[in-house]
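What follows is a set of notes on a single structure, which appears directly below.
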Amino acid sequence: MRRNSRDYVITRRIDNLLLNFYEAYMFMGRFFREAFRGPLEFQELVKQCYQIGYRSLPLISLTGFITGMVFTKQSRPSLMEFGATSWLPSLVSIAIVRALAPLITSLISAGKVGSSIGAELGSMRVTEQIDAMEVSAVNPFKFLVVTRVLASTISIPILSFYCAFVGLMGSFLDVTLNEETNIVAFFEKAFEQITFLDIGSALFKAIAYGFTIGMVGCYKGYNATQGTQGVGKAANASVVLSMFLIFLEEVAIVQITNWMR
Amino acid sequence: MQQPTSHPIGTEKAISIRNLYKSFGELHVLRGVDLDVFKGENVVVLGRSGTGKSVLIKIIAGLLKPDQGTVQVLNQEVPSLSEKQLRELRLKIGFSFQNSALYDSMTVRENLEFPLVRNVKNLSRSEINRAVEEVLDSVGLSQTINQMPSELSGGQRKRIGIARTLIMNPEIMLYDEPTAGLDPITCMEINELINEVRERYHTSSIIITHDLTCAKATGDRLAMLFDGQFIREGTFEEVFETDEERIKSFYDYNFVE
């Protein structure tokens, strides 16, 4: 009897998991259908780009700058052992452009943007605002989901390159305080080792992460249930799930890039 | 005591529901509901909380799919409509939500413009402004045009919610608990507004409520929903002149004239 009930619970969990995958797949399919079917809610898209992109600038600036500076500070002793401190700009730029900038930007955005989208749409769902759009013959999916996912997919790559730039500036500050260099020499050295593949893969990563954050936030918020508790759950699940997916994507993209290198 | 305004009721049906069933898992909410609403008629659906009143109007508006039965709105079978057909039908339906469902991030003006600019093409700015001002004037809240929903009182939110549906000139109005959570004076104002909407826009309406004052003030006909079925239908007097225990207790505990 006990075994049967345990089997039932496991089976039900697997069913729920598969059902969730199916629903997420359908949601994504609907996004592509609606995104390519006009007209686009352009004004809302611009507003969301402002919310997601422009309003994240202070946080991304601070984090990017400190990451660049701290990474430089912590790398210096190891390079000094080999008398290779002149390699600092190259090392830092490889680390920042290839990995740190897209990853840091997307993790910060998963927390800031993902939770905000999840909570906003979740709250609109439980207060029947999404139903109100539907009964007024307006497509809420197009207005709410398509605009937010597109805005996130557009804004996060831009933020990511901005983060890389600010990170390199942080690194330059530390280098210039400790070594004799100037900004031209620093950036020449920094970009010496950077290839188009590095920039291409960073761009691809940032686009993938932006899409993931927007999609997960919208999916969780749009399908929120159970009142205010559901709003909290949607916001929380948006952050946790998008971070988890970002890490999986990071591993996959790095692996593919290494094969291409 | 207010009474529904005398208004010509047509013989043509605006809404016709037959043998409607709806369940959520093990919970059987509607169990064989039949209902007709004639053009120009205000029908009040009464019943205790959780008896499926809101589910009924959400099925009519196509927000929920029924398990079984037919739902005809303006001679169209709602559950079998395509997405595009449903959107066209919804242009003729106004839905006033229990909690108003105003868009929090938009001003009153933006709330009202929202369905208009997306459904009516090639409107000039001055035409949009005129439509917004007219509809705000019809609910008596012209001064709130630039306010955010969070700055409005409960009664004002209800009125703006109704105004947002009226801007599309609907043929059918569905009111979900229009007086819930409001003080008696505001309730009276909302009841008056419901009757005015019928007069001015010639709408047919379903009013979901458990407020008997609202039912008496707005309903030409009442239908009492109990355990997923209508147990009594008629005018206010016809419904409540009975010894049926469930109806008597509903009257005794709810209605203070």
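What is the spin-label model distance, in nm, from B:T11 to B:E110 if the labels are put 7 Å beyond Cα along the C-beta direction? Output for this residue pair reads 5.0 nm.
In units of the rule-of-thumb radius 2.2 N^0.38 Å, chain A shows an alpha carbon radius of gyration of 1.20. The label point for B:S23 and the one for B:S80, both projected 7 Å from the Cα toward the Cβ, are 2.4 nm apart. In the calculated pair-distance distribution of the range B:108-169, the portion above 15 angstrom amounts to 41 percent of the Cα-Cα pairs.
Remark: C-alpha extents of the protein assembly as shown on the principal axes read 100, 70, 39 Å, sorted largest to smallest. From the alpha carbon centroid of the range A:160-174 to that of the range B:58-96 is 56 Å. Working note: Karplus 6.51/-1.76/1.60 with θ = phi - 60° gives the range A:216-229 the couplings 5, x, 5, 4, 5, x, 5, 9, 5, 9, 6, x, 5, 4 Hz, where Gly and Pro are set to x. Its Kirkwood hydrodynamic radius, worked out from the mean inverse distance over all distinct Cα pairs, puts chain B at 18.8 Å.
Where a ≥ b ≥ c are the square roots of the eigenvalues of the C-alpha gyration tensor, would you call the range A:20-156 rounded, which needs a/c under 1.5, or, failing that, prolate if a/b is larger than b/c, or oblate? Note, shape of the range A:20-156 comes out prolate.
Calculated mean residue ellipticity, 222 nm, chain A: -27000 deg cm²/dmol, from DSSP H runs (n ≥ 4) at -39500 (n - 2.57) each, averaged per residue and rounded to 500. Quick check for the range A:43-260: number of Lys pairs with alpha-carbon distance under 20 Å, counting only pairs 8 or more apart or on different chains? So the count of such lysine pairs works out to 8. Using R0 = 30 Å, the C-beta based FRET efficiency linking B:Q98 and B:E199 works out to 0.80. Residues whose amide H falls under 5 Å from that of B:F230, counting only those 5 or more places apart or on a different chain, are B:D34, with hydrogens built in the peptide plane. A viscosity of 1.306 mPa s and a temperature of 10 °C, combined with the Kirkwood radius over Cα pairs in Stokes-Einstein, give a translational diffusion coefficient for the range A:114-259 of 91 µm²/s. Label-to-label distance for B:E245 and A:M260 is 7.6 nm, based on points extended 7 Å past Cα in the beta-carbon direction. Straight-line reach from B:K216: taking Cα to Cα under 30 Å and skipping same-chain neighbours fewer than 8 places apart, the lysines in range are B:K13, B:K22, B:K39, B:K53, B:K58, B:K92, B:K158, B:K248. Gain on full extension, evaluated as 0.36 nm per residue between A:Q74 and A:S86 minus their Cα-Cα distance, stands at 2.9 nm. Take the alpha-carbon centre of the range B:138-185, take the same for the range A:93-143, and report the distance between them in whole Å. When both Cα centres are located, 30 Å separates them. When only alpha carbons are used to place a centre, the range B:11-55 and the range B:187-257 end up 14 Å from one another.
Every number here is computed from the coordinates shown, using simple stated rules; none is lab data. Predicted model only: the values in this text are computed from it and were never measured. Heads up, the Cβs are rebuilt from the backbone with ideal geometry, glycines too, and the neighbour counts pull from every protein chain shown.
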